[in-house]
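> Dumping the structure here so I can ask a few things about it.
The values are calculated or read from the model by the stated rules, or taken from the named source; none is laboratory data. Bear in mind that the values here come from a model prediction, so they are computed numbers and not experimental data. Note: accessible area is taken over every heavy atom of the protein model, side chains too, but ligands, DNA and RNA are not part of it. Shrake-Rupley method; radii C 1.70, N 1.55, O 1.52, S 1.80 Å.
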Amino acid sequence: MVEDKKKYKISYKTYFNDRLKEVHFHGVYTYPLYIQVTFERKSIFFKSYYFELFSRARYLVTAANIKKGPSVKDIADKEMELIGALVKKHENDFSLDVFKKEYNFYSTDLLDISEAGFTEYIAIFFQDEGMPSLGSTLYLGVKYNRVTDLLRDIKRAFDKKLYDKFLENSRYYAPPYLHLYGFAKQRKSKLTCLSVMEWEKEETKTTFDSYLDAYHKDEHKGIIYDGVKRLINQLAQRENG
């Protein structure tokens, strides 16, 4: 599978890097998905962020005893959409260095980085509640399960008072992962993620606002938006550091 598009003196494509060893991708072996971007006869090559992201075990879903992982084609399509948007953004001042830096920033999945912070909150919460082993076990469990799946089981296993306390504290001490994930899931995209590029679109923020009105109307929107802003600022500082 190879996709190729051109814009002015810029060309870009996704391709399977058959110079490397095949990797395990949800039950099958395939060459890693890579990206090539060429500008004025100079090219850069790098591994697809989304291929690496969706290769993780927790993205393999089991339903009715059938295991299904993300499609590599859908991953390639998402890469092409993102790269096309970045090329258009800099069609008059494009450079490979700027492109790669912005690719690293704008491709980042807000669900992924907020989930990491929320997982840390889980470990700390149960440690404070006198259950450190459970907290560390849940912390390690996200390698193979989404946090939302773990929370579903936590809700069933614990009394309502403890679970309500867990959720209430998360509003102040954890990133707004649950809000972002719920919103992304509702969009019913082929890949459940929410990139920085997607977030910065006014249309996305408008629909997110409507989502909060419908499903989180009792919560303070400002706290949620501030949480997203902190995530993006931390990411920007990391990329610039």
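> Going by Cα centres, segment 10-71 and segment 215-241 are how many Å apart?
28 Å
> Where does helix 96-106 land angle-wise versus the long Cα axis of the chain, in degrees 0 to 90, nearest 10?
20 degrees
> Could you order 216, 24 so the one with the most accessible surface comes first? Probe is 1.4 Å.
Values: 216 35, 24 105 Å².
Result, largest first: 24, 216.
> Check cross-link reach from residue 89 to the lysines: straight Cα distance under 16 Å, and skip same-chain residues fewer than eight apart.
By straight Cα distance, residue 89 reaches 5, 6, 7, 9, 100, 101, 201.
> Given a 1.4 Å probe and every protein chain left where it sits, what share in percent of the accessible area of the chain is carbon and sulfur?
Taking all protein chains in place, the chain shows 50 percent carbon and sulfur surface.
> What angle, in degrees between 0 and 90 and rounded to the nearest 10, separates the Cα long axis of helix 147-157 from the longest principal axis of the Cα atoms of the chain?
20 degrees
> For segment 84-241, report the accessible area per residue in Å² (1.4 Å probe, heavy atoms, rounded to an integer). Working shown, then result.
Values: 8910 Å² over 158 residues.
Value returned for segment 84-241: 56 Å² of accessible area per residue.
> Report, in listed order, any pair from 67/217; 155/205; 21/73 with a Cα-Cα distance greater than 27 Å.
Result: 67/217; 155/205 exceed 27 Å.
> Percent relative contact order of the chain, based on C-alpha pairs within less than 8 angstrom and at least six residues apart?
In percent, rounded to a whole number, it is 16.
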